[in-house]
Amino acid sequence: MQRREFLNSLGFGIGASLLAPSAVLAQSSSTDVGVSTVRAGDWKGLRKLFPLTHDYIQLSTFLLASHPKPVADAIEKHRRAFDENPSDYWHENFLTIDSDISNSAAQYMGGKGENIALTDSTTMGLGMVYSGLKLQAGDEILQTVHDHYSTDMSLAHRANRSGVKIRRIALYDDPVNVSVEDVIARLKGAINRDTRVFAATWVHSSTGVKLPIREMANEIERINKSRKSAQQILFCVDGVHGFGIENQDVSELGCDFFIAGTHKWIFGPRGTGVIWGNDKAWAQTEAVIPSFSASYDVWMGRASPEQVPVGEHMSPGGFHSFEHRWALPEAFKLHLQLGKENVEKRIHQLNQQTKSGLAKMSHVTLYTPQSSALSSGLVCFDVEGIDPETVVKRMHKKGIIMSSTPYRTIYARFAPSLLNNEQEIETALAEIRAMA
Ligand SMILES: Cc1ncc(COP(=O)(O)O)c(C=O)c1O
């Protein structure tokens with residue numbers, strides 16, 4: 001309320017004080033979106049919620065979500081309300097909506113809503129965390145050669161600004177034969193006295209390997225036990241390609257920071273993402289972009305920093321494409337309706353089918369491990385004698401949309417998802433078989 005008074009005093013809040021916040025929030029609740037629910041594990045019903053064209057078999061939907069009906073309806077409702085009366089609509093909702101969104105994220109991903117910051121993408125989250133970590137010149141961030149451009153460049157920018165050292169290690173050489181023991185041994189061998197942060201990626205979009213984050217966290221915990229608190233290592237994970245697949249409570253995964261976009265596997269609005277951090281991790285991080293949350297009241301001298309939930313304080317402020325951000329809870333609700341266990345089982349089943357099929361083709365080299373423990377929703381491979389980009393183009397001509405990995409070493413890549421079925425996988429496999 002104090003903030004509203006302040007904003008009113010600046011002339012931002014005309015009309016806002018006429019509205020009772022609880023009544024308005026009830027109006028803005030996005031549960032009344034019509035026939036847009038789905039039963040647990042109903043994959044055919046789920047597919048019907050997407051306007052995704054049936055002209056193609058879509059084996060790259062993870063890249064950027066098509067909005068399912070409940071998400072699209074909520075976006076449309078917010079958009080309309082903003083277009084009709086942006087000032088009032090914002091004032092009616094801004095005081096509580098971010099914490100509502102973070103709480104809905106926590107219901108899906110685990111942890112506490114107050115520990116979740118809202119971002120626009122994985123990249124923004126990585127940039128915020130790696131820019132904000134409190135480190136001294138000479139401290140080392142250890143990362144891997146398997147990370148995405150967005151991790152690499154967030155770290156490179158940080159190093160250029162601050163004298164923090166970056167070192168890269170390979171956790172495996174041959175992805176298809178990756179093993180937990182080897183990953184742990186390499187991690188243990190690479191950490192040195194200066195290492196303060198270990199940056200890694202849960203599921204590698206370069207190879208499809210899913211890292212054993214829990215076991216890696218256990219190793220880091222062991223090392224931390226022998227260190228003073230100022231020398232302890234923070235474990236930061238780009239989790240975007242396990243999020244929306246693995247039935248995992250993120251707060252129990254073992255990492256200190258978990259960063260993900262919510263516009264890929266989660267089917268959230270394009271331009272949304274989250275950062276979850278435990279209390280220790282947030283305590284070692286400065287905000288980079290001022291938040292438009294209760295932190296504003298601290299600036300006004302009306303609240304103390306301790307009164308502001310850390311996730312809100314760390315959520316980049318300024319006005320956003322609010323109709324997208326505010327519709328994010330619908331995506332979490334949809335996943336919870338489907339059932340996290342069912343989602344994990346289904347995506348792994350379709351990926352297993354894909355890998356088993358490819359493994360039988362003598363002209364195909366598979367790079368993603370067969371083991372479900374070490375892979376998730378991405379399958380990387382090569383077709384003998386055909387470069388990956390040509391594979392992608394030829395498949396497109398056959399009505400199948402897939403991708404190649406956007407890394408220095410390029411592979412062909414399938415991403416079987418909840419929007420595919422067994423028949424589609426067989427059709428795609430048949431086209432790869434025909435390339436022999
Ligand atoms: C592992 C990984 N991290 C980050 C990104 C970037 O994600 P965003 O578009 O949400 O910034 C990608 C892109 O797909 C990715 O594969």
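Of all aspartates and glutamates in the structure, the ones whose alpha carbon falls short of 12 Å from that of Lys77, not counting any fewer than 8 places away in one chain, are Asp32, Glu323.
The slack in the chain from Ile386 to Ala359, taken as 0.36 nm per residue of separation less the alpha-carbon distance, amounts to 8.0 nm.
Solvent-accessible area of Leu135, all protein chains in place: 40 Å² (probe radius 1.4 Å, heavy atoms, ligands and nucleic acids excluded). With helices as the sole contributors, the chain gives -12500 deg cm²/dmol at 222 nm; each DSSP H run of n ≥ 4 counts as -39500 (n - 2.57), and the sum is divided by every residue. Ligands, DNA and RNA left out, the accessible area of the chain computed with a 1.4 Å probe is 52% carbon and sulfur. Computed with a 1.4 Å probe over protein heavy atoms only, the accessible surface of the stretch 117-226 comes to 39 Å² per residue. For the pair Ala156 and Ala40, the difference between a 0.36 nm per residue extended length and the Cα-Cα distance amounts to 37.4 nm.
Which whole-number percent of Cα pairs in the stretch 293-361 have a distance greater than 19 Å?
63 percent
Legend: calculated FRET efficiency, Lys134 to Asp297, from the Cβ-Cβ distance at R0 = 25 Å, rounded to 0.05, equals 0.55. When DSSP beta bridges are limited to those with both residues in the chain, what percentage is antiparallel, rounded to the nearest 5? Antiparallel bridges make up about 55 percent of those DSSP assigns within the chain. With both residues required to sit in the stretch 183-313, DSSP beta bridges show an antiparallel share near 45%. Charge dipole (Cα centre; +1 on Lys/Arg Cβ, -1 on Asp/Glu Cβ; no other charges) of the stretch 113-337 amounts to roughly 540 debye.
Under a 1.4 Å probe, what is the accessible area of the stretch 340-433 per residue, stated in Å²?
43 Å²
Projecting the Cα atoms of Ala74, Gln143, Gly110 onto the charge dipole of the stretch 72-148, computed from C-beta unit charges around the Cα centre, puts Gln143 farthest toward the positive end.
With the simple model of a label 7 Å out from the Cα in the direction of the Cβ, Leu52 to Lys393 spans 2.6 nm. When the Cα convex hull of the stretch 132-283 is projected onto planes of every orientation, the mean area is 8.9 nm². If a spin label sat at a point 7 angstrom from the Cα of Gln307 along the line to its beta carbon, the backbone N atoms of the stretch 275-293 nearer than 16 Å would be those of 293.
Placing +1 on the Cβ of every Lys and Arg and -1 on the Cβ of every Asp and Glu, with no other charges, gives the stretch 39-95 a dipole of roughly 420 debye about its Cα centre.
Given a cut-off of 40 Å, what percent of all Cα-Cα pairs of the chain lie beyond it?
21 percent
In a simple Cβ point-charge model (Lys, Arg +1; Asp, Glu -1; nothing else charged), the chain has a dipole of about 640 debye relative to its Cα centre. Quarter the surface of the alpha carbon convex hull of the stretch 340-433 and you get the mean projected area, 6.0 square nanometres. Between Leu211, Tyr172, Met128, whose Cα lies farthest towards the positive end of the dipole of the chain when Lys and Arg beta carbons carry +1 and Asp and Glu beta carbons carry -1, centred on the Cα centre? Working it through, the farthest residue towards the positive pole turns out to be Tyr172. Pairs spanning more than 24 Å between alpha-carbon atoms, out of Lys345/Lys393; Lys134/Lys264; Lys188/Lys280: Lys345/Lys393; Lys134/Lys264. Label-to-label distance, Met435 versus Asp182, with points set 7 angstrom from Cα along the beta-carbon direction: 2.5 nm. Partners of Lys340 within straight-line reach, counting aspartates and glutamates whose Cα lies under 14 Å from its Cα and excluding those fewer than 8 residues away in the same chain: Asp42, Glu246, Asp249. Translational diffusion coefficient of the stretch 263-417 (Stokes-Einstein, Kirkwood radius from Cα pairs, 25 °C, 0.890 mPa s): 127 µm²/s. Shape summary of the stretch 31-100, radius of gyration then Dmax from alpha carbon positions: 15.6, 44 Å.
On full extension, the segment bounded by Asn192 and Gln337 gains 47.7 nm, given 0.36 nm per residue less the C-alpha separation.
The values are calculated or read from the model by the stated rules, or taken from the named source; none is laboratory data. This is a predicted model, so every value here is computed, not measured. Neighbour counts are summed over all protein chains in view; Cβ atoms, including those assigned to glycine, are modelled from backbone coordinates with ideal geometry. Just the protein is used for accessible areas: all its heavy atoms, side chains included, with ligands, DNA and RNA removed. Shrake-Rupley method; radii C 1.70, N 1.55, O 1.52, S 1.80 Å.
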